[in-house]
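A.B. asks: Before I ask anything, here is the structure I am working with.
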């Protein structure tokens with residue numbers, strides 16, 4: 001085989017400790033190859049901006065494309081960390097990502113969906129219900145997400161806000177879509193979306209789901225519409241009779257940003273092991289807010305002196321997720337492998 005042929009041969013990427021493997025073609029980012037193979041590596045922006053896809057390289061050679069220093073510093077790269085969204089294998093590579101498990105391997109499918117209903121839950125959050133094809137089945141873990149397949153190869157990711165068992169009553173998905181000014185997809189959802197319209201989705205994706213083999217108490221951390229997959233987790237826990245102590249911290253700028261506060265409070269009556277701490281960062285006098293204030297990830301630090309025996313499930317803005325990840329391990333003893341996260345990076349976040 002010639003050198004040129006060797007260079008263009010696909011490289012094998014192995015993910016430990018799960019042992020999952022996939023092939024990356026020459027010049028292909030490892031994350032793109034993993035998604036194509038249905039291997040659920042964690043990620044947020046796919047654009048080298050957020051650091052959600054960062055993992056340890058155990059073996060092999062990786063060259064990075066353009067990325068922001070806040071996502072991967074020179075020191076981290078020197079220590080063997082890589083960003084899979086812009087990291088291109090130059091040899092066979094072994095990665096460590098404890099978020100990748102065998103059980104997450106539901107088949108990834110493309111399918112048409114019909115817009116069944118949509119309702120504004122706040123001034124900038126739309127609850128959208130999608131009807132799945134009647135003859136099809138769509139299996140996923142509570143906490144995973146789908147991607148809308150838009151024109152020009154553009155994709156937008158949204159978490160399912162309903163647990164899988166709800167499919168038994170009516171095959172459909174509930175999504176919570178926040179309006180982003182100037183956002184191609186969200187401007188459309190808030191301005192032109194119609195009932196019965198057909199859209200295309202692909203999924204399920206993501207490694208954000210409840211690890212049911214653990215009996216550790218749980219901290220659920222959500223900012224804004226990061227509540228959507230947390231809602232699915234809560235529905236799943238109630239349905240399965242999971243009684244592990246769980247505390248939900250949900251943060252927003254204003255009280256209205258906690259757009260399903262009443263739904264959460266209804267769960268409290270049915271789930272005696274669940275506690276709820278709503279947190280508002282920018283309350284105004286007109287809000288008449290008497291609850292917790294400040295940053296939602298800080299509220300957890302204020303309440304827990306020790307997280308070494310807990311699991312944390314965090315979802316929302318990258319700044320919240322990354323701040324929580326760093327502080328809970330460094331200051332409260334949370335084992336890094338017990339922090340599970342989905343960071344939602346908007347197009348605006350990628351290009352500040």
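Read-outs throughout are calculated quantities, based only on the coordinates presented, and are distinct from any laboratory measurement. Keep in mind the model is a prediction, meaning the values are calculated, not measured. Every residue, glycine among them, receives a Cβ derived from its backbone with ideal geometry; neighbour counts consider all protein chains shown.
A.B. asks: Using only C-alpha positions, report the orientation-averaged shadow area of the convex hull of the range 211-300, nm², one decimal.
C.D. replies: Value for the range 211-300: 5.7 nm².
A.B. asks: At a Förster radius of 35 Å, what calculated FRET efficiency corresponds to the Cβ-Cβ distance of residue 16 and residue 66, to the nearest 0.05?
C.D. replies: 0.80
A.B. asks: To the nearest Å, what is the center-to-center distance of the range 235-312 and the range 195-215, using C-alpha atoms only?
C.D. replies: 22 Å
A.B. asks: Using a 7 Å offset from Cα along Cα-Cβ at residue 136, what residues in the range 168-202 end up with backbone N under 18 Å from the label point?
C.D. replies: 168-175, 196-202
A.B. asks: Assuming R0 = 35 Å, can you tell me the calculated FRET efficiency for the pair residue 151 and residue 326, based on Cβ-Cβ distance, to the nearest 0.05?
C.D. replies: So the FRET efficiency works out to roughly 0.40.
A.B. asks: At q = 0.06, 0.09 Å⁻¹, work out log10 I(q)/I(0) for the chain with the Debye formula, treating every Cα as an identical point scatterer and leaving solvent out; two decimals please.
C.D. replies: For the chain at q = 0.06, 0.09 Å⁻¹, log10 I(q)/I(0) is -0.22, -0.49.
A.B. asks: Could you check what % of the DSSP bridge pairs in the chain are antiparallel, to the nearest 5?
C.D. replies: About 60 percent, rounded to the nearest 5.
A.B. asks: Using only the Cα atoms of the range 143-184, what are the Rg and Dmax in Å?
C.D. replies: For the range 143-184, the Cα-based Rg and Dmax read 12.5, 37 Å.
A.B. asks: Tell me, what does the Kirkwood hydrodynamic radius of the range 73-142 come to in angstroms if you use every pair of distinct C-alpha atoms?
C.D. replies: 17.0 Å
A.B. asks: At 7 Å along Cα-to-Cβ for each site, give me the label-to-label distance between residue 253 and residue 167 in nm.
C.D. replies: So the label points at residue 253 and residue 167 sit 3.7 nm apart.
A.B. asks: Which value, in Å to one decimal place, does the Kirkwood hydrodynamic radius take for the range 98-211 when every pair of different Cα atoms is included?
C.D. replies: 14.7 Å is the Kirkwood radius here.
A.B. asks: Restricting the calculation to Cα positions, tell me the Rg (one decimal) and the Dmax (whole number) of the range 3-102 in Å.
C.D. replies: Over the range 3-102's Cα set, Rg and Dmax evaluate to 12.4, 36 Å.
A.B. asks: Counting helices only, and only those DSSP H runs with n ≥ 4, report the 222 nm mean residue ellipticity of the chain as the sum of -39,500 (n - 2.57) divided by its residues, in deg cm²/dmol to the nearest 500.
C.D. replies: Helices in the chain give a 222 nm mean residue ellipticity of -6000 deg cm²/dmol.
A.B. asks: Could you list the square roots of 5 times each eigenvalue of the Cα gyration tensor of the range 256-352, that is, the equivalent ellipsoid semi-axes, sorted largest first and rounded to whole Å?
C.D. replies: Largest first, the range 256-352 gives 23, 20, 14 Å.
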